[in-house]
Amino acid sequence: MKFEIDTADALKLKDIEISELLNQVYVEGGFIDLREAALLLNPSAVTKRGTLIGVREKLYSNLVAMIILVPPDSAARRLAKNNEAEIHLLAVKPEYRRRGLGGMLVESAINKAKSLGCSKIILWTQTTMKEAQKLYQTSGFVYIDDIERNSRKFKVYELKLDS
């Protein structure tokens, strides 16, 4: 199976594709309820957070995975400080997992942050997202803290970037 990885603009992603992917991964996956999804996963708001990088399966042209790199100047930053970026909403459709797509997306986000001159990337993931935690650790992220948001517990990770 062949995949294309690029920015949302280059892939010409549509809001409905982003919405379907995020709902399948986060709502159907049991990580967020429908009420919160309406607020947090609205495609037009999601794409304004930063650089959305997507993966399209070439044969059927389906969006199968995505990640957002939130730059230092974005109002969507929550934990990062000056000159630090954040990663938001890593999502891979269940049937496309274990093919290296998550790793490719994380690597793309890291490279984008480096090209922006960021000193660090911060991310947080729900404590129940064990596979995501393994992926982040394999990619060099280090666990630094626990936080709670909207009655859910998260693990916070950071990756210091070369200057």
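Scan region 140-156 for residues that are under 15 Å from G103 (Cβ atoms) and buried (at least 18 other Cβ atoms within 10 Å of the Cβ) and report the count.
Matching residues across region 140-156 total 1.
Restricting to region 53-79, and then to whatever is farther than 23 Å from K155 by Cβ and hydrophobic (A, V, I, L, M, F, W, C), can you tell me which residue is surrounded by the most Cβ atoms within 10 Å (Cβ to Cβ)?
Within region 53-79, the match that is surrounded by the most Cβ atoms within 10 Å (Cβ to Cβ) is V55.
Hey, among the residues in region 82-107 that are of a type in the set (V, I, T) and outside any helix (DSSP H, G or I), which one's nearest to K130 (Cα to Cα)?
V92
Results for (1) of a type in the set (S, T, N, Q); (2) touching a Cys at 6+ places or on another chain (Cβ under 8 Å), shown as yes or no for each residue.
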site	(1), (2)
V106	no, no
K112	no, no
S115	yes, no
I121	no, no
W124	no, no
G140	no, no
R149	no, no
E158	no, no
L161	no, yes
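Report those strands (runs of 3 or more DSSP E) wholly inside region 108-163 carrying at least 3 residues which are hydrophobic (A, V, I, L, M, F, W, C) and within 14 Å of the chain's Cα centre (by Cα). Steps first, answer last, please.
Details: elements: 120-126, 142-149, 152-160.
By residue number, 120-126.
Quick one: how many residues across region 1-50 are of a type outside the set (A, V, I, L, M) and in contact with a Pro (Cβ under 7 Å, 6 or more places away or on another chain)? Full working, then the answer.
Of all residues in region 1-50, those of a type outside the set (A, V, I, L, M) come to 2-4, 6-7, 9, 12, 14-15, 17, 19-20, 23-24, 26, 28-31, 33, 35-36, 42-44, 47-50.
So of that shortlist, the ones also in contact with a Pro (Cβ under 7 Å, 6 or more places away or on another chain) come out as 15, 19, 50.
Matching residues across region 1-50 total 3.
Conditions (1) aliphatic (A, V, I, L, M); (2) surrounded by 15 or more Cβ atoms within 10 Å (Cβ to Cβ); (3) farther than 20 Å from S74 by Cα; (4) at pLDDT below 95, marked per residue:
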| site | (1), (2), (3), (4) |
| --- | --- |
| E17 | no, yes, yes, no |
| L22 | yes, yes, yes, no |
| V25 | yes, yes, yes, no |
| I32 | yes, yes, yes, yes |
| R35 | no, no, yes, yes |
| A45 | yes, no, no, yes |
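The values are calculated or read from the model by the stated rules, or taken from the named source; none is laboratory data. Values in this document were obtained by computation on a predicted structure and should not be read as measured data. Ideal geometry is used to build each Cβ from the backbone, glycine not excepted, and the neighbour counts take in all protein chains shown.
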